[in-house]
1. Give me the extension gain from H48 to I25: residue separation times 0.36 nm, minus the current Cα-Cα distance, reported in nm with one decimal.
2. Normalised by the residues of the chain, what does the relative contact order come to in percent, with Cα pairs under 8 Å and at least six apart?
3. Using a Förster distance of 22 Å, how high is the FRET efficiency between R37 and K3, based on the Cβ-Cβ distance and rounded to 0.05?
4. Sort all Cα-Cα distances of the chain into consecutive 5 angstrom bins from zero, then give the percent of pairs in each bin up to the one containing the longest distance.
5. Pairs of lysine in the chain with Cα under 20 Å and at least 8 positions apart or on different chains: total?
6. Could you compute the net charge surrounding N4? Neighbours are other residues with a C-beta less than 12 Å from the C-beta of N4; K and R count +1, D and E count -1.
7. Within 11 Å, Cβ to Cβ, of I20, how many net charges do the neighbouring residues add up to if Lys/Arg are +1 and Asp/Glu are -1?
Amino acid sequence: MIKNNWILCPICGNKTRVKIRENTILENFPLYCPKCRRETIINVKQFHTTVIKEPDA
């Protein structure tokens, strides 16, 4: 059986509108949180989420 999970916002910790499976791989994905209204760029591999820090322009 394949597990499904919601991606949680790395800033506020609430659920976003994106659901992933255990074999999902996302690279440089712009994740938008409807609660805190922020967008962060993330990488996801096997339910492990890492936030990509962008340098200020």
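Bear in mind that the values in this text are calculations on the coordinates, not laboratory data. Bear in mind the structure is a predicted one, so any value in this text is a computation, not a measurement. Counting neighbours? That spans all protein chains shown, and the Cβs are built from the backbone with ideal geometry, glycine included.
1. Working: separation 23, 0.36 × 23 = 8.28 nm, distance 0.96 nm.
Full-extension gain reported as 7.3 nm.
2. On the way: 97 pairs, mean separation 15.2, N = 57.
Worked out over the chain, it gives 27 percent.
3. On the way: r = 29 Å, r/R0 = 1.31.
Efficiency computed from Cβ-Cβ geometry: 0.15.
4. Here the calculated profile for the chain is 4, 20, 30, 24, 13, 6, 2, 0, 0.
5. Details: K3/K15; K3/K19; K3/K45; K15/K35; K15/K45; K19/K35; K19/K45; K45/K53.
Pairs that pass both the separation and distance tests number 8.
6. Numbers: positive: K3, K19, R21; negative: E22.
Result for the neighbourhood of N4: +2.
7. On the way: positive: K3, K19, R21, K45; negative: E22.
After counting each charged neighbour, the total is +3.
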